[in-house]
Structures are given as C-alpha cells and as structure tokens.
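Participant: Below is a structure I'd like to ask you about.
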Amino acid sequence: MAREATVGTKILWTSLAWGIGLLIFFPIFWTILTSFKSEAEAVSSPALWDFDWTLANYTTVTERSPYFLHFTNSVVISLGSTLLAILIGVPAAWAMAFSPTRKTRGLLLWMLSTKMLPPVGVLVPLYLLFRDTGLLDTRTGLVLVLTLVNLPIVVWMLFTYFREIPGEILEAARMDGANLKSEILHVLTPMALPGIASTMLLNVILAWNEAFWTLNLTAAKAAPLTAFIASYSSPEGLFYAKLSAASTMAIAPVLILGWFSQKQLVRGLTFGAVK
Amino acid sequence: MGSITLKGVTKRFDDVEVIPPLDLTIRDGEFVVFVGPSGCGKSTLLRLIAGLEDVSGGTMELDGRDVTALPPARRGLAMVFQSYALYPHMSVRKNIAFPLKMAGMDQAAIDAKVDGAAKVLNLADYIDRRPGQLSGGQRQRVAIGRAIVREPSAFLFDEPLSNLDAALRGNMRLEIAELHQSLATTMVYVTHDQIEAMTMADRIVVLNKGVIEQVGSPLELYRSPKSLFVAGFIGSPTMNLLTGDAAAKQGAHTIGIRPEHLALSMDAGEWSGVVTVSEHLGSDTFLHVNVDGLGTMTARADGEFPARHGDRIGLTPDPARLHRFDAAGAAMTA
Amino acid sequence: MATDHSRATARLMVSPAVLLLLAWMIVPLAMTLYFSLLRYNLLSPGTESFTGLDNYAYFLTDPAFFEALGNTLLLVGGVLLITITGGVLLALLLDQPIWGQGIVRILVIAPFFVMPTVSALVWKNFFMDPVNGLFGHAAKALGVAPFEFFSQAPLFSIILIVAWQWLPFATLILLTAIQSLDSEQLEASEMDGASAFSRFRHIILPHLARAITVVILIQTIFLLSIFAEILVTTGGGPGYASTNLTYLVYAQSLLQFDVGGGSAGGIVAVVLANIVAIFLMRMVGKNLDL
C-alpha cells in the first residue's frame, strides 16, 4: 500500500496486535517467570516481579534428576535422525529434482502420503518389534523411527529447494567437463547448502518436539525431554517451580531455533500448497 | 578442426518424434544459425550436438569422429546458455577458471588463460565480483569468457541475446561477430530473431517442426526462398502473400512480393489501395494499405514519401522479384 | 536434461528413500492387520489364536469406540474452529501497519515450538488447576467458585490446550497467504469503490479460501493423532470423556495389553486418516508443477 496509514490507526492496530501477542505468549512467559520462584510462591502468588528470585529450581532439576541424560538424549535423537534423514533424502531429492520422469510426481505424492499414516496404526507392531530386537528404550531405535517419520518432509523440502536451482547451471558444469562427483561437489552442494540447512533446522525442531514415539518407545534410559517432562504429570509434593525450570530448559533451544525458521515452517509443513 | 556432421539424427520425447531424420553438415570455421519459430526444435538440435540430450537415432560426428555416445564433457564443445548459467557462488575469475580446473590444468596456466580471456572480453574490471553483482551484458561476457578458455572445436550459443534490451543486443551482436572473425572457430547459434540470423550467419538453417526447410546463406534465403514458410519467415516486415486471382494470373497458387519491392506512387500503379496505417521510422516508412481486391498489404517507402492515413496510392510490384509458390507451398522456379 | 546415463543414476539415488518408506509402510501395517485378526494378549503370550474379524466387531460395537470417535471429531472440529477463525483474524491484524511487527510475530508464533508435554502440563497446572492455577486465583478474586477444568470439561480443556499450540501455525500460513495477495488487485477494487468490508469479503476471503483449506486438511491429519496432551493431563478420563481414537488404541494395546483389539482399532484409525489424506493429496497434487 503506497499510502501511509494515519498515526491514529497505527496506534490502534499496534495496541491490539501487541495485546493479543502478549496474551498468546503469556503462558510461556509465566513458565519462565515461575522457574525463578520458590515452590511456595509458585503456587500461591500471581506476582509478576515482586517475589524472591532464586535459581534453586534449576540446580535441583539438573542435579537431583537425570535432566542432563534426557537433554543429551533429545540432542542425540534430534541431530541423529536429522543427519540420517539428510543422508537418505539428499540423493533422492536430487534425483527427483534434476532427472524427473513421469513417475516422479506420483512418487513424491506417495512419499508425502506416508506422513499421513496415523502412528497408532503401527504402534503395536513397532512396539513388539522393538521389544523383541532389543531396540526398546534405546537412542538408536528412536533415531531410526524419527528418521522414517520425518523423511517425507525432508525429501519434500529438499526437492523444492533443489528445484529452485536452475538446471542450466548443472548443464553448464557438465559441458565444462565436470563429472558427476565434481558436479555435486563444486556446483550443486554450494548452491544447495542454504536449502539443506533450512531443512535440517525444521527437522531438528520437529524431532525435538515429537511426542508420540518418544513417549511410547522409551523408558528411563533413552527418554528424551518430552518424556522426562511427562513424568511431572504424576508428581509428589510441590513441583510447580521445578516443572517451570525443567520446561524452560526443555523448550529454550527449540524456541530460539523456531524464531529463525518461520519460512521453513511454511514451506515444509504445507507441502507447497500455500505459496 | 570444428566440422559437425549429423546423419539421420532423430529425437523422440516419449512417443512424440520432435525431430524426424535430419542430415546436416557444418563446415569448420562456419557461423551457422539455427532459426525458426518456438517449438521448431532448434534448441533441441543444439542440445543434441552438445550431448545434453541423447539422440534417438542416427549418428553425430565431430571432425569425422563419432561422438554419438559421448557425454558432453568429452566432446570438446563449449556452450553459452540463454540464462548464461554462471555459477552464482563463484567469482568471475573462478567461473572462467572452472572448465580449466576440471581439465586438471595447473594453477599458473589457469591464471594465464583467465587473464587472457579477461583482456579479450574487457572483463578485468569486475573479475573478482560475483555474477549477482553484474549487469546482463557483463554476465553475457563472462559466459562467453568461460567458453573461450576451453578452446573448443566449436561454440554453441542458445539464444544468448534474448534476455538483453535492444540497445545492448545490438552491441553484443557485433562483439560476437568480431569474436568469430578473430577466433575463426565454428559457431552454432540458435535464435528466433531473424535479424540476428541474417546479420551474423555464414549459413542459416531454417527449421520448422523439427524439419529443415532450407539451408543457405542469408542472401540466398532472402532472394530464393524454397518454401512459403521460409519466404514468410525471412525478411522484416514479412513478405506479402497473395492467393486467388492475382496468383492465378501468374500461374501459381500463391505469389509473394516483399514490401521493399513494391514501387509506390501518389498516382496510379498496377494496383491501387488506401493507406490505413503509416509507420514512420524516419529512414523508412511502412505503409499498411488496403489494396482493392487483394486485401491488406505492407509496403516500404522512402522516409520522405508523403502518403498518410486515408490517402489513395498506387503500388507496382517488381516482376523480377515476384515469388511464385505452388499449392504445396514449394517455390516454383520456372 | 535427461540422458540415459543420468537416468540410471537417478533411480539408484532414489531407491534408499523409497525402499525404506515402502518397508515402513508395508511391514508394520501388514503386521497390524495380521494382529487384528488374532486374539493376542501380551500378558498371556503364546496363546494367540486366529479369530477372524471378531476384534473389529468388538471394537466397533464397544461404546467406548463411539465415545472416542465422537471425541476425536469434537477435538478436531473444536481446534479447527478456534485456530481458523483466530488465525484469519490474527493474520489480518498482523498484516496491518504496526510498530514492532517482527516481535509481535515472534510472540504469536512461539506456542507452536513448545513441546506438547510442556504445553499440556503448563496449562493444566499453572492455569487450569482449580486450587493453584491462575484461573482459579482469578475466580476466587471475583468471588466465584473456580472452574474444575479437567473434571467438568475434560475434552474442552484439551481443545483449548491444543488450539493454543496450533493457532500460530494457522496464523503463519494465513499471513503468508495474505501477503502473497497482489496489492494491485486490492488497489483496483478500491478505485472501483469497494469498502474495506467488501474488499475482505470479495477479494481477500476467496484468495484465502485455498490457504484455509490447506490449513484445515493439514491440521486435521495431525489433530487426529493427538496423544501426549491427553496422556499427561486426563489420561483419557474421566471414564472415556477425553479419550480420542488414538488414545483408545494406545490404552487398549499398551495399558490393557490387548494387542489384537488394539490393532483392529489401529486399522480403523488408518482408514479414517486415509479419507482425509486423499483430499489433501489432491490439493497438493494440483499445486505440484511437475
């Protein structure tokens, strides 16, 4: 719009937007705030700053519970499944983007459709399979599952990024005497790197927050943060402040990553149906 | 060194034969232009020569060597793409050096060659910039530079000037023509612009739906088009084509007369008509005339010719320049 | 672009992904199908027996199933209603000239990145708990009895929690769609004399229709499988009041150890999801310019 809105209108919209924004963000804000209160104050006072600030909860959670184990599990599982998915997904997306055939379209749609499978549909066999092969409650097992669960999105996103690379540039490389290895190493990868990074970003976020397989296929050893937090659903004694501290630490990494990944979110989760 | 021979080359995409068996010989050092309307197969033919597409049948020879099954990297050809296809993450220097790096040349030799190309093409000023920071014409030069350093046996150009504005296009046309003079290497050039074709080519190949309509020098095509298609394609504005009685009088199905071969007068002529639109270009004037009994024709007049909209003028075709075509569209020579 | 040489390589490069996904789809699904035809209880292994379609008969006639099915539809419908309406309004708002738009966006997007177990527990304890939650405190301050969210309206409470999580997604998608609307169209309509409301109704809304459809379809796919929020708040109760199909299958398989019955339920869930998926795939397919 070329015309400037009047200051009055701008004030109105700004107040409304900020008001609603703060309201929506409030639960997160409150959680972070509560993590600095004592347990007694956490349940009693709805104070915004007039309380005794303390870091005790953070020390309690990190020292008295296996927090770091679960944090490490989350990291390993998210990064592991992301790397594996990229390893498998990059060649597939490369082939579909640069050597499409009549079947490519169907293939891509089929891959996306596997994401639509409700996890409950395969809960039983997977649980039994994992139990019988010793993969239950292992990081390896979870990495494998999450790789497959997110592979369709990874392939899809890489595909869209690769398609944006003009095919002629790769042809030029070929004419310039590059064999396949050189083509991929010197031309494709540098141009595809931003797209690959974006895909990894989104995948790490999705894997970190995954809350079905991580809850059902793990126990004390391999449980990531999603499951660890879930253990606060049947707590003993006062726990609000500790829950806040644990939650804040659990969501902080992905909240920060998420702020950078809005565009990737749209691209990855709407499967291109919205531009 | 750079002769290209196509024998019975065909190309099929799925079940559609876009190029029926085609024979063509390009001589070493020639500047050959493939020209034709969209979809005529000129780009496809170029890509077949480059090796970016496989032929569905027939053979391709470079300097007598059968290259039909060879990948592009081994054919010794260089291509300049329509979109220039420069590597966006590399500087101009690295772009031009890339083919040499692929060939395994040592760094000192590479630098020497790159500097040489930069001097020839006047790129030294921006040799360390990236393609994104360059204008269209500059990118064009880098693309040519990248092709030159390889010292290929032939250059392939795929509509390289289509993305440039008119003024730049004129300049680049000259530069490419000069390049051909100095390098004396075979050049195969694809364009849909017949002015580029006419001004740059030693020989022109006119393509229509995958079939070669005619091969010849620009003047040959202009003076003796072998078919209606070529007659209507070469020459701007296009040749006036008339059917019916006027053609029958000459013993043909269709006759053609170019706008520049109509003698005009404010008085009478063999034909008579009313001017509907007159386009003044300064040096020439193009008149669109509604000729009695024959329909609309275009005529070229000297810039000083005084006819305006609504005037009645006389037109007389030069009988020596009248073209006759039979019912199948082929030129009648007798 | 394609030559024989590159086509063979291409096929090789796609195969790991294809084979893995194929295995992922076929093997477990086939096993679920197989289990659904057995009488199989994890507590008494080795006593499995083939029982044909009995599991399906039990599952589909169990009143718990109908309640769960209804809850699933209410859950999906409720969340969709809140997120789509809220999303459209928020997207329109964020499209207006605002100071600090970037920060407001961040505030609004944040809930989507909070893991479901944290969201659920934060809402359950800090807000909805009648004794210690903020809503409880507010009610007491107003002299009203605190609302017992999870006993009196368990499903509704879960709808609220999930809606809070997914509102950012809908907003982001719809905002992207609004910003992709060619401003010239709106300017042309202004010159034609259209009021703000008319412009919304006749130009913005139809343009959004496609994006809204996509949001509905994609959210539905994910909402059918809501699990963690139920697990950590109500555990499906009281009774089956907040059990959806996913939770019912989970409960039956891993809590009651009735693998046969749970598998039948799993297949039913797959069928339901497929119906939605068909529509979504058609939409995506239309947009795929291959």
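Here, each number is a calculation from the coordinates, and none is a lab measurement. Because the structure is a prediction, the values reported are computed rather than measured. Here the Cβ positions follow ideal geometry from the backbone for every residue, glycine too, while neighbour counts run over all protein chains shown.
Participant: Mind listing P(r) for the protein assembly as shown? All alpha-carbon pairs, 10 Å bins, whole percents.
Facilitator: Each 10 Å bin holds this share of Cα pairs: 2, 10, 15, 17, 15, 14, 11, 8, 5, 3, 1, 0.
Participant: Which entries of A:Lys181/B:Lys94; B:Lys11/B:Lys94; A:Lys10/A:Lys37; A:Lys10/A:Lys263; A:Lys10/C:Lys286 show an alpha-carbon separation above 28 angstrom in the structure shown? Let's see the in-between values first.
Facilitator: Values: A:Lys181/B:Lys94 18 Å; B:Lys11/B:Lys94 35 Å; A:Lys10/A:Lys37 38 Å; A:Lys10/A:Lys263 26 Å; A:Lys10/C:Lys286 39 Å.
In this structure, B:Lys11/B:Lys94; A:Lys10/A:Lys37; A:Lys10/C:Lys286 lie more than 28 Å apart at Cα.
Participant: Please rank C:Ile103, C:Ile173, fewest neighbouring Cβ atoms within 10 Å first, as an exposure proxy.
Facilitator: C:Ile103, C:Ile173
Participant: Let me make sure I get this right: for region C:55-287, a, b and c are the square roots of the gyration tensor eigenvalues over alpha carbons, sorted descending. Under 1.5 in a/c it's rounded, otherwise prolate if a/b > b/c, else oblate. Which is it? It would help to have the intermediate numbers written out before the result.
Facilitator: Numbers: a/c = 2.69, a/b = 1.43, b/c = 1.88.
Taking the square roots of the gyration eigenvalues as a ≥ b ≥ c, region C:55-287 is oblate.
Participant: Between A:Ala211 and residues 5 or more places away or on another chain, which pairs have amide H atoms under 5 Å apart, with H built 1.01 Å from N, and which residues are they?
Facilitator: Those lying under 5 Å, H to H, from A:Ala211: there are none.
Participant: Still on this structure: Could you go through region A:111-124 in sequence order and give the Karplus-derived ³J(HN,Hα) for each residue, using 6.51 cos²θ - 1.76 cosθ + 1.60 with θ = phi - 60°, rounded to whole Hz, and x for Gly and Pro?
Facilitator: 4, 4, 5, 5, 6, 7, 5, x, x, 4, x, 10, 4, 4
Participant: Once Rh for region A:89-215 is found with the Kirkwood sum over Cα pairs, what is the Stokes-Einstein diffusion coefficient at 4 °C and 1.567 mPa s, in µm²/s? Walk me through the numbers on the way to the answer.
Facilitator: Numbers: Rh = 16.5 Å.
Once the numbers are plugged in, D ends up at 78 µm²/s.
Participant: What order do you get for A:Tyr240, B:Tyr126, C:Tyr34 when you list them from fewest to most C-beta neighbours inside 10 Å? Before the final figure, lay out each step's value.
Facilitator: Working: A:Tyr240 28, B:Tyr126 19, C:Tyr34 14.
By the 10 Å Cβ count, ascending, the order reads C:Tyr34, B:Tyr126, A:Tyr240.
Participant: Quick one: Kirkwood hydrodynamic radius for region B:237-325, alpha-carbon pairs, angstrom, one decimal? Working shown, then result.
Facilitator: Working: mean 1/r = 0.0772 Å⁻¹.
It is 13.0 Å.
Participant: What is the ratio of the Cα radius of gyration of region C:120-165 to 2.2 N^0.38 Å, with N the residue count, to two decimals? Walk me through the numbers before you get to the answer.
Facilitator: Numbers: Rg = 10.2 Å, N = 46, 2.2 N^0.38 = 9.4 Å.
Ratio of Cα Rg to 2.2 N^0.38 Å: 1.08.
Participant: Got a sec? How would A:Ser74, A:Ser15, B:Ser153, C:Ser49 order by Cβ neighbour count within 10 Å, fewest to most? Don't jump to the answer; show the numbers that get you there.
Facilitator: On the way: A:Ser74 27, A:Ser15 12, B:Ser153 19, C:Ser49 8.
Exposure proxy ranking, most exposed first: C:Ser49, A:Ser15, B:Ser153, A:Ser74.
Participant: Amide H of B:Gln214: which non-local residues (sequence gap of 5 or more, or other chain) have their own amide H closer than 5 Å, using H built in the peptide plane?
Facilitator: HN-HN under 5 Å from B:Gln214: B:Val206.
Participant: Oh, and also: Between A:Leu87 and A:Thr54, take the C-beta separation as r, use R0 = 51 Å, and let me know the FRET efficiency to the nearest 0.05.
Facilitator: Efficiency at R0 = 51 Å is approximately 0.70.
Participant: Right, another one. Add -39500 (n - 2.57) for each DSSP H run of 4 or more in chain B, then divide by its residues: what number comes out at 222 nm, to the nearest 500 deg cm²/dmol? The partial results should precede the final answer.
Facilitator: Working: 9 runs with 90 residues, N = 334.
Estimated from H runs of four or more residues: -8000 deg cm²/dmol.
Participant: Per the Kirkwood definition applied to all pairs of different Cα atoms, how many angstroms is the hydrodynamic radius of chain A?
Facilitator: Hydrodynamic radius (Kirkwood, Cα only) of chain A equals 21.9 Å.
Participant: I'd like to know which of C:Ala91, A:Thr59, C:Leu75 lies farthest towards the positive end of the charge dipole of the protein assembly as shown, counting +1 on Cβ of Lys and Arg and -1 on Cβ of Asp and Glu.
Facilitator: Result: A:Thr59.
Participant: 222 nm [θ] for chain A, helices only, -39500 (n - 2.57) per DSSP H run of 4+, per residue, to 500?
Facilitator: On the way: 13 runs with 194 residues, N = 275.
Using -39500 (n - 2.57) per qualifying helix, the result is -23000 deg cm²/dmol.
Participant: Another one. Is there a quick way to get the dipole size of region B:204-334? I mean about its Cα centre, with the Cβ of Lys and Arg at +1 and of Asp and Glu at -1; what is the value in debye to the nearest 20?
Facilitator: Numbers: 10 positive and 14 negative charges, 81 e Å.
The calculation lands at about 380 debye.
Participant: Now for a separate question. From Cα pairs below 8 angstrom and at least 6 apart in sequence, can you work out the relative contact order of chain B, rounded to a whole percent?
Facilitator: On the way: 666 pairs, mean separation 55.0, N = 334.
So the answer I get is 16 percent.
Participant: Now a separate question. Would you pull out the residues with amide H under 5 Å of B:Ser227's amide H, same chain only if 5 or more places away, H placed 1.01 Å from N?
Facilitator: B:Ala331
Participant: Please give the calculated 222 nm ellipticity per residue for chain C, where each DSSP H segment of at least 4 residues contributes -39500 (n - 2.57) and the sum is spread over every residue; nearest 500 deg cm²/dmol?
Facilitator: On the way: 14 runs with 201 residues, N = 290.
For chain C, the value works out to -22500 deg cm²/dmol.
Participant: If R₀ is 51 angstrom, what is the calculated FRET efficiency for the pair A:Ile256 and B:Ala124, using the beta carbon separation as r and rounding to 0.05? Intermediate results must be reported in sequence, preceding the final value.
Facilitator: Numbers: r = 46 Å, r/R0 = 0.90.
Taking R0 as 51 Å, the efficiency between A:Ile256 and B:Ala124 is 0.65.
Participant: Taking the Cα centre of the protein assembly as shown as the origin, how large is its charge dipole in debye, to the nearest 20, when only Lys and Arg (+1) and Asp and Glu (-1) carry charge on their Cβ atoms?
Facilitator: Values: 62 positive and 70 negative charges, 226 e Å.
The dipole magnitude comes to about 1080 debye.
Participant: If you wrap chain B's Cα atoms in a convex hull and average its projection over all directions, what's the area in nm²? If you can, show how the numbers build up before the last one.
Facilitator: Details: hull surface 80.6 nm².
Seen from a random direction, the Cα hull of chain B projects 20.2 nm² on average.
Participant: So what J values fall out for region C:194-204 if you push phi through Karplus, 6.51 cos²θ - 1.76 cosθ + 1.60 with θ = phi - 60°, rounded to Hz, Gly and Pro as x?
Facilitator: Per residue, the Karplus-derived 3J(HN,Hα) values read 7, 7, 4, 5, 4, 4, 4, 5, 9, 10, 5 Hz.
Participant: Would you kindly derive the ³J(HN,Hα) couplings of region A:176-191 from the backbone phi angles with the Karplus curve 6.51 cos²θ - 1.76 cosθ + 1.60 (θ = phi - 60°), listing them in order in whole Hz, with x for Gly and Pro?
Facilitator: Whole-Hz 3J(HN,Hα) from phi for region A:176-191: 7, x, 7, 7, 4, 4, 5, 4, 5, 6, 8, 10, 5, 4, x, 6.
Participant: To the nearest 20 debye, what is the magnitude of the charge dipole of region B:4-231 about its Cα centre, counting +1 on the Cβ of each Lys and Arg and -1 on the Cβ of each Asp and Glu?
Facilitator: My answer is approximately 380 debye.
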